[in-house]
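Heads up, the thing below is written out as structure tokens.
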Amino acid sequence: MKITAQIAVLRGTHWTQYAVRFVLGGLVTVMTGWIAKQFGPAVGGLFLAFPAIFPASATLIAKRERQKKARKNLHGRVRGRRAAALDAAGAVLGAVGLIGFAVTVWKGLPQLGPPATLCVAIGVWLAVSLPLWWLRKASPWRR
């Protein structure tokens with residue numbers, strides 16, 4: 001798989017899609033702050049691993065795929081769901097890596113100091129996320 005960046009795609013995104021992402025991401029962030037205030041920072045910190053933009057991006061990905069199929073007079077519900085599911089799988093893998101990152105910062109900060117802890121935590125995130133991604137790619141259950 002070759003990873004590429006397509007800047008031209010940004011021009012195809014309507015401003016309302018950015019607004020939806022901003023509003024939903026902000027709501028998730030506000031809810032996380034409220035949870036932290038009500039139940040303490042330890043509980044609130046658990047919710048910080050939730051990707052704030054994920055709910056909006058999953059719905060927008062599904063909608064975009066349905067629209068692409070509709071332009072060809074095809075029904076794109078299944079394709080939209082699969083595209084959103086693929087995005088969700090990536091979000092889960094990243095969140096698992098973020099848990100490793102958070103535990104490393106939590107345990108390492110008092111002993112190592114900020115710069116060293118950040119470097120080690122990034123390494124832990126990579127050490128957790130990349131093998132999970134490779135396992136998912138090699139999975140026999142993958143379609």
Exactly one of these conditions fails for residue 26: (1) of a type in the set (Gly, Ala, Ser); (2) in a helix (DSSP H, G or I); (3) modelled with pLDDT under 80. Give me its number.
(3)
Name every residue in the stretch 104-113 that is touching a residue at least 12 places away in the same chain (Cβ under 8 Å) and not small (Gly, Ala, Ser), in order of residue number.
104, 105
Of the candidates 84, 56, the one satisfying the condition of being assigned to a helix (DSSP H, G or I) and either among the aromatic types (Phe, Trp, Tyr) or closer than 18 Å to residue 32 by Cα (or both) is 56
When both residues are 6+ apart or on different chains and their Cβ atoms are under 9 Å apart, which pairs have a first residue that lies in the stretch 28-42 and is closer than 24 Å to residue 57 by Cβ and touching a residue at least 24 places away in the same chain (Cβ under 8 Å), and a second that is small (Gly, Ala, Ser) and outside any helix (DSSP H, G or I)?
28/52
Which residue pairs have Cβ atoms under 6 Å apart, sit 6 or more places apart or on different chains, and have a first residue in the stretch 126-139 that is over 12 Å from residue 98 (Cα atoms) and assigned to a helix (DSSP H, G or I) and a second that is aliphatic (A, V, I, L, M) and modelled with pLDDT of 80 or more?
132/93; 133/93
Residues (crowded, with 17+ Cβ neighbours inside 10 Å, over 21 Å from residue 11 (Cβ atoms) and touching a residue at least 40 places away in the same chain (Cβ under 8 Å)) located in the stretch 49-90:
51
Please enumerate the residues belonging to the stretch 93-143 that are at pLDDT below 85, within 17 Å of the chain's Cα centre (by Cα) and not hydrophobic (A, V, I, L, M, F, W, C).
94, 136
Picking from 20, 9, 78, which residue would you name as being at pLDDT below 75 and part of a helix (DSSP H, G or I)?
9
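The values are calculated or read from the model by the stated rules, or taken from the named source; none is laboratory data. All of these numbers come straight from a predicted model, not from anything done at the bench. Please note: Cβ atoms are built from the backbone with ideal geometry, for glycine as well, and neighbour counts cover all protein chains shown.
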